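Derivation of every value follows stated rules applied to the coordinates shown; laboratory data play no part. No experiment lies behind these values; they were computed from the predicted model shown. Cβ coordinates were reconstructed from backbone atoms using ideal geometry, including for glycine residues, and neighbour counts include every protein chain displayed.
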Amino acid sequence: MIYLLVIALLFVAELLYFRIADKYNIIDKPNERSSHTRITLRGGGIIYWVPALLYVLFNPSETAGWFLTGITLMAGVSFWDDIKGLGQKIRLLFHLLAMTCAFYLANVFGVYPWWAIVIGYIVFIGIVNAYNFMDGVNGITGLYTLAVLLPMLYVNNCVRTFTENDFLLFPLLASVVFLFFNFRKQAKCFAGDVGSVGIAFWIVTLLLLLIIKTQSLIWIGFLLVYGVDTVCTILHRLYLKQNIMEAHRLHFYQILGNECKMDHRKVSLIYFTTQLICSTLIITLYPTLGWWIFLVLAVTLVAIYGMKFRLMKQK
């Protein structure tokens, strides 16, 4: 019953936001680097902040408070960036503060050495930004989020409990509601930075809890598809001597959607299915194969990514 209530509240919150965005002209105008061609409401991903608030209301605790503070910092600065635009230094400051909240939630300070914590800041903030960079075609953020949360939910219930189920189910329900408006040929709204960064913070918090509980980094493989695409694209842009912080159209999904004219929803489904397969293989084979399964999957994904250059030459 509580989940039906959450779904209903999420639909109401999204529809209310549409009225606000329409009134204050919070829109996404396509440019030469965009994967879309029509003006669309921006910031619909604020729906990922709403379940965080609901989670805290239904499950009040100090750790939940730390999480709400962190995602509010992360989503808040991203929403402001969606509307007005902010400098990179301001965004980085808020990301550092937000990750500090996640580290307090996971009881990292005083347990792990300073150098491990510094690496944690770099890696997890990097994941948040990579998640944001990968948000560019209809459905990709919502579907990929499902591909990450569903295996985590399985692990939590069948392998090793690392958090409350609600902490996994609330963002999962938010993704379903968001996809109702976004996974269309003509999307009703885009996630915007507030959505992609907000859900990315939720995911890295869950990933942090899982890694600490199991004392294993293998679960980073739940983000393997995005990870390979992001790292390979950065290396490609460095080779081209481009500024990696500027917008571009060189991600594999952008080549498929823009140059190859593949339906954006099909591209999103490919990423969703591929990540789900990778996560399933990691859960199933890691106990016997160890890190070899991660290596095999990573090499395979890099090889698939290499198809991008052949596709680019054909256009």
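Quote the relative contact order of the stretch 145-207 in percent (integer), defining contacts as alpha-carbon pairs under 8 Å separated by 6+ residues. Let's see the in-between values first.
Values: 27 pairs, mean separation 21.1, N = 63.
With pairs under 8 Å counted, the relative contact order is 34 percent.
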Between the modelled labels at Asn165 and Leu285 (7 Å from Cα along Cα→Cβ) the distance in nm is 3.0 nm
For the chain, which DSSP H helices look membrane-span-like by this rule: Cα extent along the axis of 18 Å or more and mean Kyte-Doolittle of at least -0.5? 2-23, 62-83, 88-105, 114-133, 140-154, 165-182, 192-214, 224-239, 264-289, 292-305
What distance in nm lies between label points placed 7 Å from Cα along the C-beta direction at Ile2 and Ile27? 4.1 nm
Divide by every residue of the chain the summed helix terms, -39500 (n - 2.57) for each DSSP H run of at least 4, and state the resulting mean residue ellipticity at 222 nm, rounded to the nearest 500 deg cm²/dmol. -22500 deg cm²/dmol
Cα-based Lys pair tally, the chain, threshold under 14 Å, eight or more apart or on separate chains: 6
Please give the residues of the stretch 255-291, grouped as numeric ranges, whose backbone N is less than 12 Å from a label point set 7 Å along the Cα-to-Cβ vector of Gln314. 256, 259-262
When Ile199, Ile282, Ile119, Ile211 are ordered from fewest to most other Cβ atoms inside 10 Å of their Cβ, what list results? Ile119, Ile211, Ile282, Ile199
Which percent of Cα pairs goes in each bin when the distances of the stretch 58-172 are cut into 5 angstrom slices starting at zero? 2, 10, 15, 20, 24, 18, 8, 2, 0
Using all alpha carbons of the stretch 209-270, what is the percent of pairwise distances in each 5 Å bin, ordered from the shortest bin to the longest? 4, 15, 18, 18, 15, 13, 10, 6, 1
Taking Trp115, Trp49, Trp80, Trp291 and counting other C-beta atoms within 10 Å, the order from fewest to most: Trp115, Trp291, Trp80, Trp49
Taking only Cα atoms of the stretch 199-315, radius of gyration then Dmax in Å: 15.7, 48
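Taking 25 °C and 0.890 mPa s as the conditions, I'd like the Stokes-Einstein D for the chain in µm²/s, using the Kirkwood hydrodynamic radius from alpha carbon pairs.
Details: Rh = 19.9 Å.
Once the numbers are plugged in, D ends up at 123 µm²/s.
In what order do Lys266, Lys23, Lys188 fall by count of nearby beta-carbon atoms within 10 Å, going from fewest to most? Don't jump to the answer; show the numbers that get you there.
Details: Lys266 12, Lys23 8, Lys188 17.
Starting with the residue having the fewest Cβ neighbours, the order is Lys23, Lys266, Lys188.
Compute the relative contact order of the stretch 83-224 as a whole-number percentage, counting only Cα pairs closer than 8 Å that sit 6 or more residues apart in sequence. Walk me through the numbers on the way to the answer.
Numbers: 92 pairs, mean separation 39.5, N = 142.
This gives 28 percent for the stretch 83-224.
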If amide H atoms are built 1.01 Å from N in the plane of the peptide, which residues on other chains or at least 5 residues away come under 5 Å of the amide H of Ile27? Arg42
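Would you work out the relative contact order for the chain, in percent, from Cα pairs under 8 angstrom that are 6 or more residues apart?
Values: 387 pairs, mean separation 73.7, N = 315.
Reported as a whole number, the value is 23 percent.
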